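The values are calculated or read from the model by the stated rules, or taken from the named source; none is laboratory data. Remember, predicted model here, so these are calculated numbers, not experimental data. Neighbour counts are summed over all protein chains in view; Cβ atoms, including those assigned to glycine, are modelled from backbone coordinates with ideal geometry.
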């Protein structure tokens with residue numbers, strides 16, 4: 001089946017009781033069993049829920065994996081993956097310019113359990129190979145990165161990591177499976193914050209992990225049940241509803257993103273624009289090779305904190321706030337918001353300056369968005 005068909009139908013058979021086209025919200029904590037050891041595949045709602053199961057099956061199809069598991073947040077999904085792959089005295093390599101929440105999890109929590117992390121530019125294969133040790137068990141890649149849109153060659157990283165017996169995990173939140181499919185490029189696990197493009201409407205928080213290997217899937221299912229950070233039935237239903245329009249939304253995000261990136265690149269008062277759809281982006285050609293679109297995420301540098309502050313306070317249609325991937329345009333300041341947990345010297349080394357602004361371009365009329373940006377620049 002094609003992507004749009006799978007997005008609407010995969011894992012979502014009509015309800016057997018009523019024939020309802022939309023999967024019901026099974027808001028129950030437990031299930032009546034017919035006798036000792038006799039049940040219909042559902043015992044307790046932390047372990048299984050029909051609405052969540054439909055979402056998990058749907059995501060497994062869209063990401064071409066053997067199984068998927070939904071969690072209470074994107075960070076809960078990443079936490080479960082670290083519990084799957086890492087133990088005391090293990091080592092992991094992570095993309096340097098990774099989402100600040102992922103860095104915070106690894107640096108402030110997971111490393112306290114005796115796991116060591118090395119952060120490198122994973123777009124540089126030489127740096128990655130030098131960072132791998134005999135006890136390296138996981139290479140965690142974010143591509144494009146948040147917020148500087150660095151592109152990593154997923155296939156090349158997987159070839160390298162697998163030679164060293166490392167699993168590769170790819171955070172695919174920015175692209176969604178519509179524009180990028182890391183498992184098809186060789187990755188072992190793909191993670192998403194479903195809060196973002198998959199849900200698409202800024203009304204749900206969640207996460208999902210999709211796995212290539214059956215043994216990894218069985219173990220992650222055990223962790224999901226044992227640790228219990230599951231996605232609720234209602235949130236599962238919201239994400240399923242969002243995925244039905246994922247393809248059309250991503251095309252709109254992509255078209256608007258490219259138009260706004262070109263507008264920003266044409267302004268002399270914008271020091272630099274980070275968007276892989278621009279021909280001068282260092283990862284442009286690789287992005288064209290491993291992605292089928294460039295998405296709606298853009299970062300641009302205004303040169304100073306004062307200019308960024310004045311600009312962010314002047315926008316009207318663009319909403320100043322955390323998160324991304326919704327139908328509405330959201331604009332934020334990485335240094336004080338998404339990446340505030342990264343030490344200042346780390347931000348400076350990566351290029352996350354005080355003048356950097358990140359915009360998640362929505363699907364409004366692009367002319368209205370550009371008009372809003374224009375009036376903010378003129379303030």
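Residues in region 286-341 that are farther than 17 Å from residue 360 by Cα and without any contact (Cβ under 8 Å) to a residue 60 or more places away in the chain: 288, 289, 303, 304, 305, 306, 307, 309. Filtering region 360-372 to residues that are within 20 Å of residue 147 (Cβ to Cβ), in contact with a helix residue (DSSP H, G or I) (Cβ under 7 Å, 6 or more places away or on another chain) and not in a loop (DSSP other than H, G, I, E, B) leaves only 369.
Among the residues of region 124-145, those identified as part of a loop (DSSP other than H, G, I, E, B) and in contact with a helix residue (DSSP H, G or I) (Cβ under 8 Å, 6 or more places away or on another chain) are 132, 143, 144. Within region 93-103, identify whether any single residue is touching a helix residue (DSSP H, G or I) at 6+ places or on another chain (Cβ under 8 Å), touching a residue at least 60 places away in the same chain (Cβ under 8 Å) and surrounded by fewer than 19 Cβ atoms within 10 Å (Cβ to Cβ), and answer yes or no. Checked region 93-103: at least one residue is touching a helix residue (DSSP H, G or I) at 6+ places or on another chain (Cβ under 8 Å), touching a residue at least 60 places away in the same chain (Cβ under 8 Å) and surrounded by fewer than 19 Cβ atoms within 10 Å (Cβ to Cβ).
Within region 197-234, the set of residues being surrounded by fewer than 24 Cβ atoms within 10 Å (Cβ to Cβ) and in a loop (DSSP other than H, G, I, E, B) comprises 201, 202, 203, 204, 205, 212, 213, 228, 229, 232. If you filter region 167-185 down to residues that are outside any helix (DSSP H, G or I) and out of contact with any strand residue (DSSP E or B) (no Cβ under 7 Å at 6 or more places or on another chain), you find that the one that is nearest to residue 251 (Cα to Cα) is 175.
Yes or no, residue by residue, for (1) surrounded by fewer than 22 Cβ atoms within 10 Å (Cβ to Cβ); (2) more than 20 Å from residue 64 (Cα to Cα); (3) in contact (Cβ under 8 Å) with a residue 24 or more places away in the chain; (4) within 13 Å of the chain's Cα centre (by Cα):
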site	(1), (2), (3), (4)
130	yes, yes, no, no
135	yes, yes, yes, no
147	no, yes, yes, yes
164	yes, yes, yes, no
169	no, no, yes, yes
175	no, no, yes, yes
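Taking the condition buried (at least 20 other Cβ atoms within 10 Å of the Cβ) and either modelled with pLDDT of 95 or more or more than 18 Å from the chain's Cα centre (by Cα) (or both), does residue 56 pass?
Working: buried (at least 20 other Cβ atoms within 10 Å of the Cβ): yes; either modelled with pLDDT of 95 or more or more than 18 Å from the chain's Cα centre (by Cα) (or both): yes.
Considered against the rule, which asks whether it is buried (at least 20 other Cβ atoms within 10 Å of the Cβ) and either modelled with pLDDT of 95 or more or more than 18 Å from the chain's Cα centre (by Cα) (or both), residue 56 comes out as yes.
Return yes or no: is residue 161 outside any helix (DSSP H, G or I), assigned by TED's automatic domain parsing to the domain that holds residue 85 and at negative phi? The answer is no for residue 161. Residue by residue through region 217-231, note down the ones that are within 20 Å of residue 28 (Cβ to Cβ) and touching a helix residue (DSSP H, G or I) at 6+ places or on another chain (Cβ under 8 Å). 224, 229, 230, 231 - these are the residues of region 217-231 that are within 20 Å of residue 28 (Cβ to Cβ) and touching a helix residue (DSSP H, G or I) at 6+ places or on another chain (Cβ under 8 Å).
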